[in-house]
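Colleague: Got a structure here, written out as structure tokens. Questions coming.
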Amino acid sequence: MYIDINLAGKGSDLPKKERVEKIRLISFASLFIIAVLSVLVFLVNLRLSTTSVKKQETQVSQNLTNYNQTIAKISLLNTRLSDISSILARRTDYSQNVEKIINFLSSNSTVVSYQEQGKVLTISISSKSLLDLNDFLNKTLALSSVSDVKLTQLSSASGAFSMTLEVDLL
Amino acid sequence: MKFNLNSEVSKETLEEIYEQNKIFLAPAATIVVAILLFLFFLLPQFFSFSQKKDVSDVENQKLTQLKNLQTLASSADLTELSSNFSLSSLVLPPTKDFEGVLNTLSTVANDTNVTIESYQLEQAGDTGSLASFPSIEFQVTLIAAPEQTMQFVDELSKKAPISEVQMISGTDTSSSLTIDFFYKPFSPISENSDPNARKMNSRESDTENTISNWNLTSTEIINNQPSSQSAQESGSPF
């Protein structure tokens, strides 16, 4: 009978039991989570470990000592070819263009002087026919590798005409 | 008396609290330890994964490069490699190749029916029209019409040592050329980590084909071997 009256005591036991159960559950769960995460960390560290990779590197490096001369030749060859390629790409060669321009000369015309430096060709020609000089000038102007032509001198003497052109090459 | 009562009460209270709650102690301590482990052990490990991955990637890349180099070196045709190396060293010699230059001028003059009236060494220092490529400069006078001179220049562009004509001037019967002949000493090679110790790329392969097609005859190759007497630096890295 007295036990039945003591409602407070009975009421506080149940929530306490539940709280104990809950907190035990949480503690087991947290232990389990920590264990799982620890295993994961271990596996990831194993996966990212560089020990075996470095061992292999050492082994391959040792094998490569048998090929030192071959490797040196390969490296030097590649460097040399790369350098030659740079020179070929950047060196100027206007001989073909200059040859084309000179070929525009008629049989009555002669080259007095010419100079080609960088992208500029300066050429003096002489002819008995002004028409030939004009023809030469027009053909030079029409050449696709020529960006500009300046007539810097035109004169005549003793029945012959001479002309100096400054030709800008592309 | 009062003091003793208070301490006795306090002691009894503590004991009572302990008795009531001792069942919670172990699980609570477990949770606290778990939290501490997570915060001070697991979390730093998680943060370090990215850095470890980067290090691992770098090492794996190194290993791949070394393995590729091993494959390349073990499968290389040594005869072809030596031949290509000789050809490239002929075209761009490691030293000032005066003998090679003179031989080439002579050969080209013969091939284009041009007479060399005179030649003169202008500069033998490390001055080049192309940046980073030292050269020796020659002034060459030819007995040649302009067309022949252009043929001479064109033919010279496909000979060794590789050259660049800086200036051409002349008249109807003679011409004067300023020509740079390039050379470049060998660079030191670092063991196994040299970036050029790899398979030839397409640009290098094209260049190799180009200079192979220059038809440098065996006579020229023999005559134009880099001259040791003109060398100030070592002509071979071996």
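The values are calculated or read from the model by the stated rules, or taken from the named source; none is laboratory data. Everything numeric in this text was worked out from a predicted model, so none of it was measured. Heads up, the Cβs are rebuilt from the backbone with ideal geometry, glycines too, and the neighbour counts pull from every protein chain shown. Ligands, DNA and RNA are stripped out before the accessible areas are found, and what is left, the full protein with its side chains, is counted by its heavy atoms. Shrake-Rupley method; radii C 1.70, N 1.55, O 1.52, S 1.80 Å.
Colleague: How far is helix A:7-47 tilted, in degrees, relative to the longest principal axis of the Cα atoms in chain A, given as a value from 0 to 90 rounded to the nearest 10?
Modeller: For helix A:7-47, the angle is close to 30 degrees.
Colleague: With Rg and the Kirkwood Rh both taken from Cα atoms, where does Rg over Rh land for chain A?
Modeller: Taking Rg over the Kirkwood Rh, I get 1.81.
Colleague: Please report Rg over Rh for the protein assembly as shown, where both radii come from the alpha carbon positions and Rh follows the Kirkwood definition.
Modeller: 1.47
Colleague: Which residues' amide hydrogens lie under 5 Å from the amide hydrogen of residue B:117, considering only partners 5 or more residues apart or on another chain, with H built in the peptide plane?
Modeller: Amide H to amide H, under 5 Å and 5 or more residues apart or across chains, residue B:117 pairs with B:141, B:142, B:143.
Colleague: Looking only at the range A:127-154, which residues have a backbone nitrogen under 11 Å from a spot 7 Å from the Cα of residue A:119 in the C-beta direction?
Modeller: Correct set: A:146-148.
Colleague: Give the interface area between chains B and A as buried accessible surface, both sides summed, probe 1.4 Å, in Å² to the nearest 100.
Modeller: About 7000 Å² of accessible surface is lost on pairing.
Colleague: Report, in degrees rounded to the nearest 10, the 0 to 90 angle that the Cα long axis of helix A:130-142 makes with the longest principal axis of chain A.
Modeller: Around 10 degrees separate the two axes.
Colleague: Which three lengths, in whole Å and largest first, does the range B:16-69 cover when its Cα atoms are put on their principal axes?
Modeller: So the extents along the principal axes, rounded to whole Å, are 77, 14, 7.
Colleague: In whole Hz, with x marking every Gly and Pro, tabulate ³J(HN,Hα) for the range A:101-116 from phi via Karplus 6.51 cos²θ - 1.76 cosθ + 1.60, θ = phi - 60°.
Modeller: Each residue's phi maps through the Karplus curve to give 5, 4, 5, 6, 5, 7, 5, 8, 10, 9, 7, 7, 7, 8, 8, 10 Hz.
Colleague: For the range B:154-159, in order, what is each residue's ³J(HN,Hα) by Karplus, 6.51 cos²θ - 1.76 cosθ + 1.60 with θ = phi - 60°, in whole Hz (x at glycine and Pro)?
Modeller: Computed from phi, the couplings for the range B:154-159 are 5, 5, 5, 5, 10, 10 Hz.
Colleague: Kirkwood hydrodynamic radius, computed over distinct alpha-carbon pairs, for the range B:33-158: how many Å, to one decimal? The partial results should precede the final answer.
Modeller: On the way: mean 1/r = 0.0483 Å⁻¹.
This gives a value of 20.7 Å.
Colleague: While we're here: Among A:72, A:49, A:59, flag the residue with its Cα farthest along the positive direction of the charge dipole of the range A:42-98, charges on Cβ as +1 for Lys/Arg and -1 for Asp/Glu.
Modeller: Checking the options against the dipole of the range A:42-98, the answer is A:49.
Colleague: Take the alpha carbon atoms of the range B:134-205, find their center, do the same for the range B:33-105, and report the distance between the two centers in whole angstrom.
Modeller: Using only Cα atoms to place each centre, the spacing works out to 32 Å.
Colleague: Shifting gears a bit: Measuring from label point to label point, each 7 Å out along Cα→Cβ, what is the residue B:121 to residue B:206 span in nm?
Modeller: Result: 3.6 nm between the two label points.
Colleague: Residue by residue through the range B:67-81, what is 3J(HN,Hα) from phi via Karplus (6.51 cos²θ - 1.76 cosθ + 1.60, θ = phi - 60°)? Round to whole Hz and write x for glycine and proline.
Modeller: Working through the residues one at a time gives 5, 4, 5, 4, 4, 4, 5, 6, 9, 5, 7, 5, 5, 5, 4 Hz.
Colleague: Taking the Cα centre of chain A as origin and charging only Cβ (+1 Lys, Arg; -1 Asp, Glu), how large is the dipole, in debye to the nearest 20?
Modeller: Dipole magnitude for chain A comes out near 1180 debye.
Colleague: Can you work out D for the range A:11-110 in µm² s⁻¹ from Stokes-Einstein, where Rh is the Kirkwood radius over C-alpha pairs, the temperature is 25 °C and the viscosity is 0.890 mPa s? Numbers along the way, then the final one.
Modeller: Details: Rh = 23.0 Å.
After rounding, the answer is 107 µm²/s.
Colleague: While we're on this one: If the label point is 7 Å along Cα→Cβ of residue B:171, which residues in the range A:132-170 have backbone nitrogen under 12 Å from it?
Modeller: It comes to no residues whatsoever.
Colleague: Sticking with this structure for a sec: Under 5 Å between amide hydrogens, which residues at least 5 positions from residue B:167 or on another chain qualify, with H placed 1.01 Å from N in the peptide plane?
Modeller: B:178
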